[in-house]
Amino acid sequence: MKLSIIIPTYNSAKVIKRALDSIIAQTFRDWEVLVMDGVSKDNTLEIACLYNDKRITVYSEPDKGIYDAMNKGVKKAKGEFLYFLGGDDYLLRNDVLEQMLVDSDGLDMIYGDVEATHLSAENYGEWSFDTLLYNRCHQAIFYRSTIFKKVGLYPLCYPICADHYINLKLFIKRHAQSQYRPVKVAHHSEGGASTVLNDSAFYNQIDQIIVRIGLFKLPNAIVAKHCRRALKKHCTHLQRIVFRVLLFFVE
C-alpha cells in the first residue's frame, strides 16, 4: 500500500464527512484511512462508519491529545507514506494525492503548501535555514513511514508544535531526503487546535532547540543568529554561559 492517511478526531461530526469525501474523490486510489478518534461525544463515529469502504478503518479510544492519536496511527499504518489530515481539514483538488506522490522513489519527505488565512508568508514555499522558526504544516507533508524509526514519534510535551519539532529534526539533521512541490495540498482550517491552543513551552525554547539540533549541522551564521535570539529570552545562568561560549566560536 502506498499511502496511509491518519485523521485524528474528537467531536468532529460537523466536518469529518467533508474530510473523508475529499479523500474518496481522489484520482489516486492506493490508500487507507485511519480515523483515530478520542471517544467523541457527538456522532463523529456514526458518520465515519457510514462509508462502505474497506480502506477506511475507525478506531476510538481515550488519548492524550492530537499527537498521541497521530502516534497511534503511525503504529497501525501499513502505507509506504504517511499523511496527517485534521478532521476539520480537507484535500483541495481531486488529483492532489497523485501530484504529490508521483515520482516518489528515493524521497522520504514530500511537501507542498496549504490553503490558510492565518499563516504568515514564511510558512509557505521551500523550507530554508532562514525560515526554521516557521513550520511547514503537516497537512502539506507526506512522510515515508520509516523515518519515524529514525526520529521517533511526536513528543507529547508540545501539544500543538510537536510536528514542528519533528520537522526540525528531519530537515536540520538531513534524516530525510526531502522535496518541495509547489502544490496546495489541503485547506488548513482556522479554529483547530493549532490556532486555539497555546504551546509556550515550545516557542520559548525554539531557538535553544534549533541550536541543540543543528550545532554541528547548520552554518555558523545561523547558529549564531539563534544563540543571540536565545540570549534575549529567559535563560538560566548556565544556559547564558553556554550560548556566549558558542557565540565566541561561531561568530
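Just a few scattered comments:
- Residue satisfying all of: in segment 104-145; of a type in the set (S, T, N, Q) and either in contact with a Pro (Cβ under 8 Å, 6 or more places away or on another chain) or under 13 Å from Y83 (Cα atoms) (or both); surrounded by the fewest Cβ atoms within 10 Å (Cβ to Cβ) among these: S145
- Here A69 meets each of (1) in contact with an Asp or Glu (Cβ under 6 Å, 6 or more places away or on another chain); (2) assigned to a strand (DSSP E or B); (3) not charged (D, E, K, R) with one exception, condition (2).
- Yes/no for G86 being of a type outside the set (A, V, I, L, M) and part of a loop (DSSP other than H, G, I, E, B): yes
- Looking only at residues of segment 1-28 that are polar (S, T, N, Q) and either without any contact (Cβ under 8 Å) to a residue 24 or more places away in the chain or closer than 20 Å to H138 by Cα (or both), we find that the one that is surrounded by the fewest Cβ atoms within 10 Å (Cβ to Cβ) is Q26.
So that you can scan it fast, the table gives a plain yes or no per residue for (1) at pLDDT 95 or above; (2) under 24 Å from the mean Cα position of the chain (by Cα); (3) farther than 30 Å from D103 by Cα; (4) surrounded by 18 or more Cβ atoms within 10 Å (Cβ to Cβ):
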site: A176; (1), (2), (3), (4): no, yes, no, yes
site: H187; (1), (2), (3), (4): yes, yes, no, yes
site: E190; (1), (2), (3), (4): no, yes, yes, no
site: V196; (1), (2), (3), (4): no, yes, yes, no
site: D207; (1), (2), (3), (4): yes, yes, yes, yes
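- Scanning segment 165-183 turns up one or more residues that are within 14 Å of I66 (Cβ to Cβ) and not hydroxyl-bearing (S, T, Y).
- Considering only residues in segment 29-66 that are assigned to a loop (DSSP other than H, G, I, E, B) and polar (S, T, N, Q), the one that is surrounded by the most Cβ atoms within 10 Å (Cβ to Cβ) turns out to be S40.
- If you check F148, F202 for being at pLDDT below 95, assigned to a helix (DSSP H, G or I) and crowded, with 16+ Cβ neighbours inside 10 Å, only one passes: F202.
- Restricting segment 219-241 to residues that are out of contact with any helix residue (DSSP H, G or I) (no Cβ under 9 Å at 6 or more places or on another chain) and not in a loop (DSSP other than H, G, I, E, B) leaves a set whose member that is surrounded by the most Cβ atoms within 10 Å (Cβ to Cβ) is I241.
- Some residue of segment 81-97 being at pLDDT 95 or above, among the acidic types (D, E), touching a Ser or Thr at 6+ places or on another chain (Cβ under 8 Å) and closer than 17 Å to H188 by Cβ: yes
- Residue in segment 77-90 that is among the aliphatic types (A, V, I, L, M), surrounded by fewer than 23 Cβ atoms within 10 Å (Cβ to Cβ) and more than 20 Å from Y158 (Cβ to Cβ) present: yes
The values are calculated or read from the model by the stated rules, or taken from the named source; none is laboratory data. Source: prediction; values computed, not measured. All Cβ positions, glycine included, derive from the backbone under ideal geometry; neighbour counts span all protein chains shown.
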